[in-house]
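In what follows, a single structure is set out as structure tokens and then discussed.
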Amino acid sequence: MSAPTSGTRSGTHGSGLPAAVLGTGQTHHVARRTDVSMAGLCREAIDAAMADAGVGWDDIDAVIVGKAPDLFEGVMMPELMMADALGAVGKPLLRVHTAGSVGGSTAVVAASHVQSGRYRRVLAVAWEKQSESNAMWALSLPVPFTAPVGAGAGGYFAPHVRSYIRTTGAPEHVGAMVAVKDRLNGSVNPYAHLKQPDITVDKVLAGQMLWDPIRYDETCPSSDGACAIVIGDAEAAEAVEATGRQVAWVHATSLRTEPGTFSGRNYKNPQAGRDAAAALWAEAGITNPAEEIDAAEIYVPFSWFEPMWLENLGFCAEGEGWRMTESGATGRDGSLPVNPSGGVLCSNPIGASGMLRFAEAARQVMNRADEHQIPGARKALGHAYGGGSQYFSMWVVGTDRPERRS
């Protein structure tokens, strides 16, 4: 695997000044929140993140928001009517949009604003209120020069999964194993939407087939929810550490994109994802991610994407992801715990799903992940993808302040 060289120094991105996650917050994720508006939903996460970070509104210098397509709720640019609720009045307000990866991209953009030295503390928030629309059919709109799918995200991604199974020889039960692992993890996460403590591989395999080979329990729910994080500079981070609370130092970030359709495109192992991961590991100074990462929050909306993304991220060789999953390595007590929070398979407020992966990675290294804490986690990955596996956002956060590399 080779990292791209454009805009890099010796294959690594200069991450600028130090930045750290000071606090995180999220709502309880459910199918339908009729008791709050989008603004109210966001404020629940924002208030929790600010309390966790120990900051007030006067401490926030800028607000970065992220949301998936406006069609999901039928409200164009909701951040405009929500500026006051988001605490952005009189402050810079920027919206990010990169399809399903938007929550992760929003966290990266927020971190970059701190790393640039422009702002001391930045609030980032992402959300979705899927109950107010129908995301499946919103995702089925005709795209120019592309054959219509008419079956939402599951219908689009199912052929990629079939290709993965066909080319690697992965057995049928691997997807069910991922579903069982993540739903059991979610059962101890108080914020998770789906909790299935009695789920088994046999129950998953006996479930309804939705998009061959994706069964009912192998797919993500539609959730209402929000997530927020507060990112600060070195001085702000040290002030938090002085109180005896841990921060999550940002060791590396990465964003990459590719077109949705082009000749020779590898849908089950996209080049943009490989490039993003290579750049991420290089910037973080990581040479063996499978050994050096203590916990990974990977964007897995359909269970088969765990082995696919394990390969794409460089945790194992191509074609070996399913073996890694089958071995139990990605379990909570495995060598690389993946989605100890339950991941997207348990909670999927689309605009916030990527930020949840980033926030949950931060919670692990801050030792604030409650019942799903991985003991001794000191370095964690947050990952998100969006569109037709086109947009990738990632970060590595750690307990220790990273060394500045020239």
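The values are calculated or read from the model by the stated rules, or taken from the named source; none is laboratory data. It should be emphasised that the depicted structure is a prediction, and the values quoted were computed from it without experimental measurement. Every residue, glycine as well, gets a Cβ built from its backbone with ideal geometry; the counts of neighbours run over all protein chains shown. What goes into the accessible areas is simple: the full protein's heavy atoms, side chains included, and nothing from ligands, DNA or RNA. Shrake-Rupley method; radii C 1.70, N 1.55, O 1.52, S 1.80 Å.
Data table
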quantity: Every residue from the stretch 24-63 that is closer than 21 Å to V108 by Cβ and over 21 Å from the mean Cα position of the chain (by Cα); calculated: V55, I60, D61, A62
quantity: Qualifying position, being among the acidic types (D, E) and open to solvent by less than 10 Å² (accessible area, probe 1.4 Å), among E297, E326; calculated: E297
quantity: Near pairs, Cβ below 7 angstrom, 6+ apart or cross-chain, from the stretch 268-293 (farther than 17 Å from M308 by Cβ and open to solvent by 20 Å² or more (accessible area, probe 1.4 Å)) to any residue that is modelled with pLDDT under 95 and among the charged types (D, E, K, R); calculated: G285/R405
quantity: Residues of the stretch 109-123 satisfying the condition of being small (G, A, S) and under 17 Å from A228 (Cβ atoms); calculated: A110, A111
quantity: Subset of the stretch 166-192 that is in contact with a Phe, Trp or Tyr (Cβ under 8 Å, 6 or more places away or on another chain) and not in a loop (DSSP other than H, G, I, E, B) - its residue that is most open to solvent (accessible area, probe 1.4 Å); calculated: T168
quantity: Members of the stretch 42-83 found to be open to solvent by 60 Å² or more (accessible area, probe 1.4 Å) and part of a helix (DSSP H, G or I), listed by number; calculated: R43, E44, D47, A51, W57, D58, L71, L80, M81
quantity: Check on G244, of a type outside the set (V, I, T), without any contact (Cβ under 8 Å) to a residue 24 or more places away in the chain and touching a strand residue (DSSP E or B) at 6+ places or on another chain (Cβ under 8 Å); calculated: no
quantity: Every residue from the stretch 167-210 that is small (G, A, S) and more than 18 Å from the chain's Cα centre (by Cα); calculated: G169, A170, G175, A176, S187, A206, G207
quantity: L94 modelled with pLDDT of 95 or more and farther than 30 Å from L310 by Cα; calculated: yes
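The rows are residues; the columns are (1) crowded, with 24+ Cβ neighbours inside 10 Å; (2) within 10 Å of the chain's Cα centre (by Cα); (3) in a loop (DSSP other than H, G, I, E, B).
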{"position": "T330", "(1), (2), (3)": "yes, no, yes"}
{"position": "L336", "(1), (2), (3)": "no, no, yes"}
{"position": "R357", "(1), (2), (3)": "yes, yes, no"}
{"position": "A362", "(1), (2), (3)": "yes, no, no"}
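Quick grid of which residues meet (1) surrounded by 24 or more Cβ atoms within 10 Å (Cβ to Cβ); (2) of a type in the set (D, E); (3) within 19 Å of C42 (Cβ to Cβ):
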| position | (1), (2), (3) |
| --- | --- |
| P340 | yes, no, no |
| P349 | yes, no, yes |
| P375 | no, no, no |
| R378 | no, no, no |
| A384 | yes, no, yes |
